[in-house]
Structures are given as structure tokens and as C-alpha cells.
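Visitor: Questions regarding the structure given below will be posed in turn.
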Amino acid sequence: MLVGREAELRRVTALLDEARRGRSGTLLVVGDPGVGKTALLEEGRALATDMRVLDVIGVESESELPFASLHALFRPVLDLLPRIPTVQARALAAALALEEGEPDVLTVGAGTLSLLVEATAESPVLVVVDDAHWLDRASAEALAFAARRLIGEELAMLAALRPGPASTFDVFPRLEVGPLAPGDSRRLLRQRSEPVPVAEESRLLAAAAGNPLALLELPATLAQELPATTTSHERLEKAFAARLDALPRQARLGLLLAAAEPDPATVRRAAEHQELSDPLGDAEAAGLIRIGNGTLTFRHPVVRSLVYATAASADRAAAHRTLAAALTDEVDADRRAWHLAAAAEGPDETIAALLEQTAERAIARGGRAAAARGLERAAHLSPGRADRARRLVAALESHRVIGNRAKVLSLADEALALEEDHLRRADIVFRVFDVTAWTARVDDSALLAAVDDPELDDERRVKLLILAVAWRADRWDAEGAGDLSRRLEHHAEGSGPHWADRARAQAAIAYLLAGDRDRAVRLLRPLAQNHAIPTMAGFEWMSLEWFDELRMSLERTLREARSRGDLRRIAWNRVLGAHLELRHGRLSAAEAAAAEALQLGEILGDPKVDVAAAALAGVQAWRGQAAACTTNARLAAASARNARDRFPEGLAGEAVALLAMGLGQPDEAVAELEPLASAWLASSVADPAHVPFVPELVEAYVQTDAANEARRLLERFQPLADAAGNIWMRGACARCAGLLAPADAFDAPFASAIALLDRSPYALDLARARLAYGERLRRAGRRRDARVQLRPAHDLFAAAGATPWQERAAAELRATGERVVEVARPHADLTPQELNISRLVAEGKTNKEIAAALYLSPKTIEYHLGNTFRKLDIHSRAELARIVS
């Protein structure tokens, strides 16, 4: 029975009870070494007598081996693999080295989720993860991925780790385990196997400072030696050091082998090589380790660390060499390579080559983090300068894939100092800029210096110039981007088709930004059949109003990305879809797409996906959801300012201003948009769709009696809109002109705005034009004419769920003497996840297919569909499909 942990046990018991009721949950047990995390996990196991328990302990020496922990966890349920979706089963089997293959790491996460769910078919499941801080990164990410998507399953996950650096498990509820209270400490002290003299109790209690393991293990003779500043870790080291020192040398060498390698069979073979007789018997008798059921467990991880850290360096090297010699099977090649690397005393090409092969196998299994560490170690063991540089570049590439920017930069500096080949130096510069261009701490000088290298080929110049053009365009340097684009077009002629298409698209983006629409269209029109290009240049397709092409490309590339499990492409696709639906007034569809993109961006750690937050803020602005809109807009703006990317900053500002205008607070809209407008006026940007907030500021000026400022801004913006031929912006300009026109001349500009927008997909912009016209008509005393405009405006706002604008139109209608009856929209309260699932139901997909597409479990889909049916008061998928349509 645990002492003094009643509150903690209640949390664990509640977690298990909820799982038994089909309410999945994860609980993170966090505390210092020895504080009792493992004891709580053991108690959880004891309480789960009616549950299937899957458990794993993170081992420091296995943290370099991708999916080693996941393999240990799933060993008892591998026979269930054939029951999960085939693509996921293959990916998971390849990750666990059960068969050949190159799995996508995110499909492995989905497979992990499916296998855990399948394990609950016969009984509830408890997953217990001890020392989670030492799981290999690939296993930790797969488990966290699955745990975050568990809803409605009979499954609980209980994980323990030490406080420290951020981990993939930090998103889950935490149970902080601290020192025992004084009374509980005294009770536990009296449970020691060897009684403590009464005279020593106070000293031991003070020295242990409430740490349960120290209370049970700390020798009384050492208590008086510990200063008050001693850490929990140091107390435990003191507690075990005396027992280690008392062991004979052979026993300490045996323990060293066990500290370096978790497999008991390998330890025994290595001990035989070192001619150690009964190498672990004394340690087991001393209570430092426990051996049974084919496993070897240290009394506490501190013991393992202490054994390894206090061993002489020569003994450590000898232990690793002996363990490497004991690992002779091909399946042990990765372990053997790491042991040889740990034993190496200087550069060694043979070991470096073995580690490189280990990294290649890790990449094939989706273990990029392990590959990065292996390649980095291989580089530092490489005797040759060229091999060292090559392996550093390979290491930084793996760090780039997993988003470790700091490592990319440090390894790039190291590699550039070694690399003499001009082409490979250009590749390094490309990789570095690709991961740092989204921060404000870089400029394009290194790119341009590399481009000017006369030894470069056209394809490398194209890759570098694409980044440089995008970097300038993001910062509203349209003129500078256009200058580089001419060079980009020239070098595209000599590059392969893949990079040539992307080069021409990036050049076109720059030309459109600078107002050269004809040149942009000339480049983009032939690229429309390559569906990757409209999804690369989606905002430009929106600016050109090529909506059918963009929708077709988005639908096709989304299907392809979902079938391959390419989450980065899915995320960007949904970002574009969110903004397209937002511009067309389809707020629920925009919300669903933006929410999915944000969710995937969080998984991927991709800052660019924060553009989705701007779309979500736009939806919430139309609906008048002030707190949510402000939160998402600030998130998007902060990310954009960090990257010095003006476009998403403008989108975020537009959302905040739209919210303010809908709530009747034009002063706040002016304050939000004036800094953005000043930056635009000082720039060379001439594409009106790139600064869509300008008409919003014009209208805000009008409503704050700043008509002169409104006219000056519109005079700058109107010619750009006319030259671009963009219906959306021309309609907005005509609306603004109607607001500014004198009392006897406002009909014509409003009529022009309505005529333009009435044949467009911009439903909410049409509604705004009609509302503004109706407001002026009512104020002019033309109430009958006003009703003709206000009624359709009200209905358009109501259909979209733009509540503040609907209410504003309703108030105007009442002011004309018309009675307004509001009708509630039936699906306004569906969550983004429910909307996404409803959309896929309408496409005819089964729950299993929807689960695979959204990386959820089928029961989670059932859970969300149940909520959706209840909210809509319907009873069938056919009814839901009709509502979605």
C-alpha cells in the first residue's frame, strides 16, 4: 500500500474507471527521481485486473534505436496487425522491422492508434509507459499521436517522466508528484527492512526531504553528510553509492554491461567474453537489480546512471566493445554499431560507415531523429574531410525534416568550413535558408552569393533563387522580387521540369505582386494542368479568380495526399481551402478546413500553417465571436511578424478589423489597419488582392468621419483594382465609392458594386454592398428602396451565419418599418471536427474510411457522428448528407 498518495491514487483510479466506461484518457505522472512515479504506475497495474495491460520502460541506451520502445510495447499484440487497415499495418510492420518497407512516420502513428484500438476488442486496455523521457523519439511521437486521437475507446494511458525539457507528452493532463508530507515520511521510514534508530530518524527525515526512495534506501550514516542544498538526484546517488562500492570488481563490471545494454541474454554473452563468473548475482543479492521473465530491471534508473557514470573510461570502452562482439545477428546490427561508436577513442572510418548504415535503416523505418544522431556521430568519427562534410550534411537534412533548426544551423556552419565542392556548398546554403527563411533573423545575401558562383548548374541556381524571390515577396519587396524573377526565368530553361515549373510559378507570383498581371498570367496559364502548381500558388489563383481550376487542383491533391498520408501537403491544402471558402462566404466549410490545418500544423510543428489561424479568425469575425477571433488573429500575426511575412499579417489584421466593423467599433478597425496600410503605401506591392484590408480601412475612415483619409486611400487603391480586373476588389472599391459619394450621387457606385458582385461567388461581399446601399437609402428617406437592398442582405448574412451583420441588417429593416423574423440556422453549433466528418459522410465514405482520412479511430468517428445527429435532430447518414449538400 502506498503511503501518503491517496489523492494521486484517486486520479489514477478515475482514469481507469473512465476507460472502462469508454472514455479514453491519458495521465502524465511527473516528478523527480525516487518520488514514487513507478510505484503509482505499479498501483495502476494492480487496479487494472479486468484490463489488458501493455507496458514499456524507456531505456536510455535504446533511445538511439527508432521504434525500439514501440516494438517492446506491442510485442504481446502483434498478432492483431492483420486486423488494422492494410496501409497502416504495412507501415507499422516496417517501422518495427518486421518486414521491408519505407513507412511514412505519420501513417505509423495512425497504425499505432488502430492497433491500440484493436487491442480493446476483448477487454479495456491500460498502456503503462515508465521513464517516458527515455523513449526513442519515434516511439514517443507515435504514442502521443495515437493518445491525442483517442475518444470513446476503452483505453487509458498512464505515463511517467521526470520534469525537464519539453516532450511530446506535454499536451496531456499532468499529475505532479511531490515530496511526502512530514507525517507520511515518518510512516514510510518505519517500513524500512532495517529499522532506523530513533536517534537517527530526524536526521534521515531531513536528509531525504520527503523523497520516498531516499527514505527507504539512504544509509543513516550518510544522512549527516548531506547539505541542505543536495538535490533529489544526489540524495539517491548517495543512497546507492555505498552498496555499489561494496560490490567486488567482477560484479561492478557485470553491472556496467547491464547499464550499457538492456537485453539480459546479450549481457550474459558479453560477460562470458570477459570471463566474468556469475556477474550479476551479487548485484541482485544487494537489491540493485531484479532479473526475471527474460528482463533485467535496475532498482531505480539512478542506479543504472550511477554505475555507468562512475566506471573508469577504459572499463566503459571495454564493456561496449564486448557487447558489440556479443551482438552477432543481423537484426542487432544497429545496436552493434552504437556500442562500437561508444567504444571508439578516435576517428574510425569502419565504425563511421556502420553508423551511416544504421542511419539509412532508421530513415527507411521513419526514424529521422535517430538517423540524425547516427549521422552526426558518424561525421565526428570520420577521418576524411570529405566524408565528414558529407555526413554532416546528411545529418542536418534529417534535423531539417524533424524541425530542429538550431542543429541545422550549427551543423551547417561545421559542414561549410569543411566542404570545398561548390555544388555541395550551394546545397548546404539551400537547406539552411529553407529552414530559417521563416524567421526574421536572416536575409538573402547568402543565397545571392551562392547563386553568383560561376560553377553552379542551372537547377541549383533555380532552387536558390526560388527561396530568394519568395523571401523578398513575403517582405513586400515586390520590385526586388521581380528583379530576381527575371534571372529565375532565365535559369529555369536549363533545369529539369520539376524545378522549372516551380521556378516559373514563383516568378509569376512576384510579377503579380508587382502588378504585372499579363506577365504573371503568361507564365501561370500553361502550368494549370500541373495540379501541384495551383496548390503551391493558391492565393495567386484566388487573386486571378481562377476558382474552378483551384478547386479541382485542391480536391485532387487532397485525395492524393490523404491516400499517401502526406500531412504537410494536407495541411497546406486545407489552409488554401479555408481561405477560398472564407472569401466565398462558406463559413462552416472554411472553419472545418482551417481547424484541420491548425491541428495538423500543431502535429508537424510547422509555423507556416498559422496562416490557417488567420482564416479561422476571419470566420469568427463574421460570426462576431470576439474572444476567439482575437486569439487566432494574434496568433497568426505574431507568427507572421516573427517571419516578417506581410501577407498573413494583413489577413490577421483584416479579421480583427472586420470583427470591429461588425460590432460597430470602426475606431478599433482604424487602429488595427493604419500601420499595415502605412507599410503597404511605402512598399512596391501593386496586387490589390494581396492587401485586402484596404477597403476595410476606407470604410472605417468613413464611419469615423475621416472622409479625406478615406478618399486618399481609395484613390491609391482604385487604379490597382481596375488594372487587376479582380471582381472582388473592384466590387469593394465601388462600395467604398458609394459610401463616399454625395447624397445625390451614391446610387451609381452602389449599383456598380452590386452588378459586379451579383454574378460572383462573393456572397458576403454582395451582402455588404447591399447593406451599405440600404443604409444610405434609409437615411435618405427612401425606405421602400432601402428594403429592396436590406432584405437580400439580411438573408445572405443569415444563410452564412454572419450574426452581427445579420442583426445590423435586421435593425435597418425594422427602421424602414418592416417586421423581421429571425430563423435559427440548424448547424451553426457543429464543431470543426463534426463538420469535417459530416462532409466526408456526404461523400459516401464509411466510418473506417473517414477514420483513416482524419487519423482518428472508428469509435471516435461514431462519437462525433452521435453528437452531430443529436445537434441536428436527425437519425441517418442520408439526412446528414442532404443537410451538408
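Visitor: Among Arg819, Arg770, Arg882, which is the only one that is over 30 Å from Arg583 (Cβ atoms) and of a type in the set (Lys, Arg)?
Guide: None of the others qualify; the one that does is Arg819.
Visitor: With the requirement that a residue be crowded, with 19+ Cβ neighbours inside 10 Å, free of Cβ contacts under 8 Å to residues at least 40 places away in the same chain and among the aliphatic types (A, V, I, L, M), what does region 508-526 give you?
Guide: Ala508, Ala520, Leu523, Leu524 - these are the residues of region 508-526 that are crowded, with 19+ Cβ neighbours inside 10 Å, free of Cβ contacts under 8 Å to residues at least 40 places away in the same chain and among the aliphatic types (A, V, I, L, M).
Visitor: Still on this structure: Take region 861-877 and flag every residue that is exposed (fewer than 11 other Cβ atoms within 10 Å of the Cβ) and assigned to a helix (DSSP H, G or I).
Guide: At the first step, the residues of region 861-877 found to be exposed (fewer than 11 other Cβ atoms within 10 Å of the Cβ) are 870, 873, 875-876.
Across region 861-877, the qualifying residue is only Arg870.
Visitor: All but one of (1) in contact with a helix residue (DSSP H, G or I) (Cβ under 8 Å, 6 or more places away or on another chain); (2) surrounded by fewer than 24 Cβ atoms within 10 Å (Cβ to Cβ); (3) modelled with pLDDT of 95 or more hold for Leu673, so report the exception by its number.
Guide: The failed condition is (2).
Visitor: Here's something else I'd like to know. Can you tell me which residue in region 277-298 is surrounded by the fewest Cβ atoms within 10 Å (Cβ to Cβ), limited to those that are at positive phi and of a type outside the set (Gly, Ala, Ser)?
Guide: My answer is Asn293.
Visitor: Report the residue count in region 451-477 for those that are over 30 Å from the mean Cα position of the chain (by Cα) and buried (at least 24 other Cβ atoms within 10 Å of the Cβ).
Guide: 1
Visitor: Kindly check whether there is at least one residue in region 747-756 that is charged (D, E, K, R) and either under 44 Å from the mean Cα position of the chain (by Cα) or buried (at least 20 other Cβ atoms within 10 Å of the Cβ) (or both).
Guide: no
Visitor: Given the criterion surrounded by fewer than 17 Cβ atoms within 10 Å (Cβ to Cβ), small (Gly, Ala, Ser) and either more than 35 Å from the chain's Cα centre (by Cα) or on the phi > 0 side of the Ramachandran plot (or both), identify the matching residue among Ala810, Ala815.
Guide: Ala815
Visitor: Find the residue count for region 11-65, including only residues that are out of contact with any Asp or Glu (no Cβ under 7 Å at 6 or more places or on another chain) and outside any loop (DSSP other than H, G, I, E, B).
Guide: Within region 11-65, residues that are out of contact with any Asp or Glu (no Cβ under 7 Å at 6 or more places or on another chain) and outside any loop (DSSP other than H, G, I, E, B) number 25.
Visitor: When you scan region 804-826, how many residues do you find that are outside any loop (DSSP other than H, G, I, E, B) and not aromatic (Phe, Trp, Tyr)? Give the derivation first.
Guide: Within region 804-826, the subset outside any loop (DSSP other than H, G, I, E, B) is 804-815.
Now restrict to residues that are not aromatic (Phe, Trp, Tyr): 804, 806-815.
So the count comes out to 11.
Visitor: Among the residues of region 439-456, is there at least one that is in contact with a helix residue (DSSP H, G or I) (Cβ under 7 Å, 6 or more places away or on another chain), in a helix (DSSP H, G or I), under 27 Å from His531 (Cβ atoms) and free of Cβ contacts under 8 Å to residues at least 60 places away in the same chain?
Guide: Checked region 439-456: no residue is in contact with a helix residue (DSSP H, G or I) (Cβ under 7 Å, 6 or more places away or on another chain), in a helix (DSSP H, G or I), under 27 Å from His531 (Cβ atoms) and free of Cβ contacts under 8 Å to residues at least 60 places away in the same chain.
Visitor: If you don't mind, another one. For Asp548, all conditions in the list (1) out of contact with any helix residue (DSSP H, G or I) (no Cβ under 9 Å at 6 or more places or on another chain); (2) assigned to a loop (DSSP other than H, G, I, E, B) hold save one; what is the number of the exception?
Guide: (2)
Visitor: While we're on this one: Give the residues of region 95-152 that are of a type in the set (Val, Ile, Thr) and either farther than 20 Å from Ala853 by Cβ or touching a residue at least 60 places away in the same chain (Cβ under 8 Å) (or both), sorted by residue number.
Guide: Val105, Thr107, Val108, Val117, Thr120, Val125, Val127, Val128, Val129, Ile151
Visitor: A further question on this structure: State whether the residues of region 225-240 include one that is part of a loop (DSSP other than H, G, I, E, B) and modelled with pLDDT of 75 or more.
Guide: Checked region 225-240: no residue is part of a loop (DSSP other than H, G, I, E, B) and modelled with pLDDT of 75 or more.
Visitor: Mind listing just one residue for me: the one in region 171-189 that is among the hydrophobic types (A, V, I, L, M, F, W, C) and part of a loop (DSSP other than H, G, I, E, B) and, of those, nearest to Val12 (Cα to Cα)?
Guide: Filtering region 171-189 for residues among the hydrophobic types (A, V, I, L, M, F, W, C) gives 171-172, 175, 177, 180-181, 188-189.
Still in the list and also part of a loop (DSSP other than H, G, I, E, B): 171-172, 177, 180-181.
Values: Val171: 18, Phe172: 14, Val177: 12, Leu180: 18, Ala181: 20 Å.
Within region 171-189, the match that is nearest to Val12 (Cα to Cα) is Val177.
Visitor: Working only within region 681-709, note down all residues that are touching a Phe, Trp or Tyr at 6+ places or on another chain (Cβ under 9 Å), more than 19 Å from Leu766 (Cα to Cα) and surrounded by fewer than 22 Cβ atoms within 10 Å (Cβ to Cβ).
Guide: Ala682, Ser683, Ser684, Ala707, Asn708, Glu709, listed by residue number.
The values are calculated or read from the model by the stated rules, or taken from the named source; none is laboratory data. What you see is a predicted model, and the numbers here were worked out from it, not measured in a lab. We place every Cβ from the backbone using ideal geometry, glycine too, and count neighbours over all the protein chains shown.
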